[in-house]
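Below you'll find the structure, written out as C-alpha cells, and then a few comments.
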Amino acid sequence: MKYDHKKLEKKWRSFWESEEVFKTEELSDKPKFYCLDMFPYPSGKGLHVGHPRGYVATDVISHFKRMKGYNVLHPMGWDAFGLPAENYAIKTGTHPRKAVEKNIDHFKEQLDSIGLSYDWEREINTTDPEYFKWTQWIFVKMFKKGLAYEGTLPINWCPSCKTGLANEEVVDGLCERCDSKVFKKDIRQWVLKITKYADRLLEDLRDLDWPDSIKQMQENWIGRSEGAKIIFKVKEMDENLEVFTTRPDTIFGATFMVVAPEHDLVEKSLDQGLIENNTEVIDYVEQSRRKSDLERTELSKEKTGVELKGLSAINPMSGEEIPIWIADYVLGSYGYGAVMSVPAHDQRDYEMAEKYDLEIRRVIEGGEIPYTGEGKMIASDKFNGLPSSSGREKIVEELEKNKLGEKTVNYKLRDWIFSRQRYWGEPIPIIHCEKCGAVPVSEDDLPVTLPDVKKYEPTGTGESPLSGIDDWVKTICPECGGSGKRETNTMPQWAGSCWYYLRYIDPKNDETLIDPEKESYFMPVDLYVGGAEHAVLHLLYSRFWHKFLYDIGVVSTKEPFKKLKNQGLIMGEGGIKMSKSKGNVVSPDEIIDKYGADVLRLYEMFVGSFEDEVPWDEEGVVGMRRFLERVNSIRIGEKEDRELLGLLHRTIKKVTSDIENFKFNTAISSLMVLTNEMREREEVSKDIFKDFLKLLAPFAPHFTEELWSKFERDSILNSSWPSYDKKVAEKNKVFIIIQVDGRFRDKVEVNKGISENEVVEIAESRERVEKWLKGKKIKKIIFVEDKLLNFVT
RNA sequence: GCCGCGGUGCUGGAAUUGGUAUACAGGGCGGACUUAAAAUCCGCUGGGCGUAUGCUCUUGUGGGUUCGAGUCCCACCCGCGGCACCA
C-alpha cells in the first residue's frame, strides 16, 4: 500500500517540534546517555549521502536509549572556522561569517529533513564569540601553566595555504588540505606542549572502548621508546655530543657518529674553523635544507652524507676515537638529532657504512649482518659473554656512574604547532609588550574578536592578514598599561573542536565554561561516532585538552569519549570515492524527495557492516521502500497467535542486541523476516503489531508514528522499548540435524530437551539415515542437545 | 619494510562464535493482473550429474587439527587502511 512520505514526514516533524519530544532534561533522576556525532564543517557543498550514515546510527541509538528510559543528550553544532570559508571570502569578497551562516542554514535544513532528533536548543558554533571566548580562555589557562609557548622553529610550511601546519596535518610530505609539497621554514610560532602529556595520553588509551586500529595509530604516533642518552665527547672541542639509543649494548660496535644537518655542532665547528672540508659541508647542509619533507623521504633509498673532517668523537666506554658524519637520514627533531652508528646491528647505519666504506664491527652474536636481534655480546671488553638484554642494563649503569649517560625515554610525538598565519580563526589572546613580553589578555576582556578586514589574502610573509589592521593591533598592555601589540596569528582549525562536547552540556553559560554539576551528570560522552580520518588529529588533540581541563578542575573525567565507533565511507557507484570532479555525488535530498527520509535511514543502516566501506546503490534503496509498503499492508485484528508471538520475542531479543552492537543491518533483516511472516497471516493481533512498530521506530520514525497514531495519541518515541520474554521466545520444538560421519543426512523435528537415546532411536528408524548406516559399525555418537546428532563409523 | 583489517553467489552482505554455508535485500528468469507498460503479487535463482526422491563439489590457494572448519593452527597469494630513515 502506497503512502505519501512527503505529507507524512512533514506532519510528524512538526509534531515532534511542538511536543518537544527530543528535548534533553537539564538534570534528571534518570540515567543519562550522551550520544555524540563528530560535528561537521558546514561546507558550501552541503551534505552528500555519506555524511548521514553516522548521524542516522547515533539517531537510532538515541531513540533506542530514550525508549529504554535514559535521559539522552544528542546535540549538533558547527565546526566553522577554517580555510574553505576564508578561501571563499578571498574569491568572492563575502565575509566568511556570511558564508558560514548561509551554509549552516542549508546543513540544518538537510539534517532536519532526515528526521534527526537533535535538541537544537543546544546548538553551538565554534565561530560564535560567545563560544570562542572559552576556547581563548583555555588558551590563556594553558599559557599561565607554561603549556603554551612562543618560539622560532623550523615548521611545516604550506606554500599554497601560506601558513604553517602541525605535524599531524602533513600527510606523506604533503599538505593535508591542498596536497602541496610542504617545506621547512623558520617562523615565530605558538606551540602547545602536548609532549608533556605523552605518557598519560598513552596510558589512558588502554581503558577506552575504542577501535583497536585507532588506539594503535595513536600509540604509534606518540611513539614511546625506552633507551638511553649517551654522551660522546668531541675531542677537538669542549662539546658533548649527546645521542639516544635503544641499544646501549651495541656501543662497542659504534664505528662512527652521525649528526643531522641542522645539528648545532655543524655550525659551531664551522665557526671555530675546525672543519677541513668546509665547502663540502656547507653545500650538503644547504642542499638538505632546500629539500621538501617529501623529497627527503623519497630519496630515502640511498643514504647520503659528508664527513666532518677534522672532528672526532670519543666512545665513553672504550675510549676509542671515531669519525663524525652529517647525513640527513638522521632527523634533527628526534632524540638529540644525533646517533652513534652501529653498522653491524642497524639497517640504516649498515647502508651508510657500505656506501662510504666505513668499518663494520660485529659485537652481538647472531644472524647475518646487519643483525638487529638479541644475542651474546662479543668484542665488548668486560661485557663479553653477557646476553644483550642484561648487558644493556650493565652498560647504562656504568655510564651513569661516570655521568656519561642515563636511562631515558623518547617520543615521536612533537609539540603542537598551534598558530596559523590566516584570518578566519580564533585570535590568539596574547598582547606583546616591549617591557613585559608576551602577556595574556585578561580573562574579563575575553573574547578577543576578529576585526573586519578588507582583504583576506594571506600575506605569505609569515604574518597573518590581521597584522595590517593597525586599530586592532595597537592596544594597551594589561600588565604595565604601556603600549602593546596584539598577537596576529590565529588558532588552527582544530582548536574549537577540542572541547565542544563540553559546551553542549551547558551551551549558554556566560559565567563559566561549564557548570560543574551538569558536567558531572553528563560526562563522559558515552558514545562518539565519526570518521576514522581524525585518528591522530582531533581525537588526540581533544584528549590532550581534556586532560588539561581535568588538571585545572574544569572536568571530572580523565577521558572525554568512553566509546568510539568509526563509520565506513559510502563510496560512489562502482566503489570509487564520491567527489564533485567525478560527478558521482549523491545528495540525500534527491533520495528523500523520491523515497522519503525513512527509506534513506533504513538503507543507510542496511547496506552493510557499519564500520565497512560500501558502495552506494540506488537499486538497493527501492527494497527499503518496498519493505515499508509491505508493513503498511498488514491486516490488523485481534487473533492470538502463539507461533507469531514467539517470533516477535525472538525478534525483540535480536533487534535489541543488534542495536547495542552496531549491527543495524541484521536488526533490519530480522524485522523483515518478521514482516514476511506477518504478511502470510490473515490478520495480526494489535499487540504484536504495536511491539513490532516500536522495534522499527528508531529506524523509521515518521512512518511508524503514522501507523502508531491509529492506536495511541502520544509519540511512539515516548513509548517504552518492548521487553523480551524468554519463555515466550523459546520454541518447544526444535530441528535436530542428523549426520553420518559429519555429513548432513537428515533433520528431525522433536520436543525441546529430548535425550540422546531418544534421538538415536528416532534417527536410526529414518530411512535416509539407515541407508548410510547399513553395514557399518558405529564407533561413536556425538550429541549436541537440541542441535545435532552425529554417527561416527 | 613494519603494524592493523579483510577475501563467502551475478551484486550489497548473513552465519547463534566449531554444528544444515549463502539469512535479508538487490538484480535476473518465469508466471498472474493489464489493451500495453510501470507498480504490485506468486514461483525459481551457487556449480556439476539427474525427469526426479537425490548424489556430489563449493567460503582466495595449499596443508593441518577435529566426529565435524567460512569459523581454530601453519605457510602462501591478493586487496584495503595506517606508519615509515623515530636510532
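Values for this structure:
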{"quantity": "Percentage of interatomic Cα-Cα distances in the range A:160-222 larger than 15 Å", "calculated": "63"}
{"quantity": "Accessible area in square angstrom per residue, the range A:428-468, 1.4 angstrom probe", "calculated": "51"}
{"quantity": "Using alpha-carbon coordinates, inclination of helix A:664-679 to the longest axis of chain A, degrees", "calculated": "10"}
{"quantity": "Alpha carbon Rg of the range A:59-187, scaled by the compact-globule rule 2.2 N^0.38 Å", "calculated": "1.40"}
{"quantity": "Charge sum, other residues only, whose C-beta stays under 12 Å from A:Asp714's C-beta, Lys/Arg counted +1 and Asp/Glu -1", "calculated": "-2"}
{"quantity": "Tilt relative to chain A, helix A:388-401 - C-alpha long axis, 0 to 90 degrees, to 10", "calculated": "50"}
{"quantity": "Most to least packed among A:736-747, A:108-119 [average Cβ atoms within 10 Å]", "calculated": "A:108-119, A:736-747"}
{"quantity": "Segment A:Lys455-A:Ser213, extension gain: residue separation times 0.36 nm, minus the distance between their alpha carbons", "calculated": "82.8 nm"}
{"quantity": "GluC sites (Glu not before Pro) within the range A:440-540, DSSP loop, no more than 14 other Cβ atoms inside 10 Å", "calculated": "A:Glu511"}
{"quantity": "Cα pair distances in the range A:477-624, grouped into 5 Å bins until the bin that holds the longest one, percent each", "calculated": "2, 8, 12, 14, 12, 11, 12, 11, 9, 4, 2, 2, 1, 0, 0"}
{"quantity": "Gyration tensor (Cα) of the range A:673-793, equivalent ellipsoid semi-axes in angstrom", "calculated": "47, 13, 12"}
{"quantity": "Surface share of carbon and sulfur [accessible, 1.4 angstrom probe, percent] for the range A:52-190", "calculated": "49"}
{"quantity": "Mean shadow area of chain A over all directions, Cα convex hull, nm²", "calculated": "46.2"}
{"quantity": "Under 20 Å from the Cα of A:Lys777 - aspartates and glutamates, other chains or at least 8 residues apart", "calculated": "A:Asp741, A:Asp746, A:Glu756, A:Glu758, A:Glu761, A:Glu764, A:Glu767"}
{"quantity": "Length released on extending from A:Leu788 to A:Ser579, taking residue separation times 0.36 nm less the Cα-Cα span", "calculated": "70.0 nm"}
{"quantity": "Stokes-Einstein D in µm²/s, Kirkwood radius over Cα pairs - the range A:648-735 at 25 °C with 0.890 mPa s viscosity", "calculated": "179"}
{"quantity": "Where the range A:43-109 is the region considered: accessible area per residue in Å², 1.4 Å probe", "calculated": "34"}
{"quantity": "Ratio of Rg to Rh over the range A:584-639 (Cα coordinates, Kirkwood Rh, two decimals)", "calculated": "1.09"}
{"quantity": "Amide H contacts under 5 Å for A:Asp741, placed H, 5+ residues apart", "calculated": "A:Phe791, A:Val792, A:Thr793"}
{"quantity": "Beta bridges by DSSP in chain A, antiparallel share as percent, to the nearest 5", "calculated": "75"}
{"quantity": "The range A:8-107 - convex hull of alpha carbons, volume per residue in Å³", "calculated": "135"}
{"quantity": "Per-peptide average of other Cβ atoms within 10 Å, ordering A:656-664, A:446-454 highest first", "calculated": "A:656-664, A:446-454"}
{"quantity": "Accessible area of the range A:498-642 belonging to carbon and sulfur atoms, whole % at 1.4 Å probe", "calculated": "47"}
{"quantity": "Size-normalised alpha-carbon gyration radius of the range A:349-487, reference 2.2 N^0.38 Å", "calculated": "1.98"}
{"quantity": "Carbon plus sulfur fraction of accessible area for the range A:280-429, probe 1.4 Å, in percent", "calculated": "47"}
{"quantity": "The range A:333-381: radius of gyration and largest Cα-Cα distance (Dmax), Å", "calculated": "11.6, 33"}
{"quantity": "Residues with amide H under 5 Å from that of A:His263, placed H, sequence gap 5 or more", "calculated": "none"}
{"quantity": "Rg(Cα) / (2.2 N^0.38 Å) computed for the range A:145-196, rounded to two decimals", "calculated": "1.18"}
{"quantity": "Extension gain, A:Lys185 back to A:Glu618 (0.36 nm per residue minus Cα-Cα distance, nm)", "calculated": "151.0 nm"}
{"quantity": "Among A:310-317, A:761-768, the order from most to least packed when residues are scored by Cβ within 10 Å on average", "calculated": "A:310-317, A:761-768"}
{"quantity": "Alpha carbon convex hull of the range A:184-339, projected area averaged over orientations, nm²", "calculated": "11.9"}
{"quantity": "Cα-based helix-to-principal-axis angle, A:96-113 vs chain A, degrees rounded to 10", "calculated": "30"}
{"quantity": "Average accessible surface area per residue within the range A:615-728, 1.4 Å rolling probe, Å²", "calculated": "46"}
{"quantity": "For the range A:257-347, alpha-carbon Rg and Dmax in angstrom", "calculated": "13.2, 39"}
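The values are calculated or read from the model by the stated rules, or taken from the named source; none is laboratory data. Remember, it's a predicted structure, so these values are computed and weren't measured experimentally. All Cβ positions, even for glycine, are placed from backbone atoms using ideal geometry, and neighbour counts span all protein chains on display. Only protein heavy atoms, including side chains, enter the accessible area calculation; ligands, DNA and RNA are left aside. Shrake-Rupley method; radii C 1.70, N 1.55, O 1.52, S 1.80 Å.
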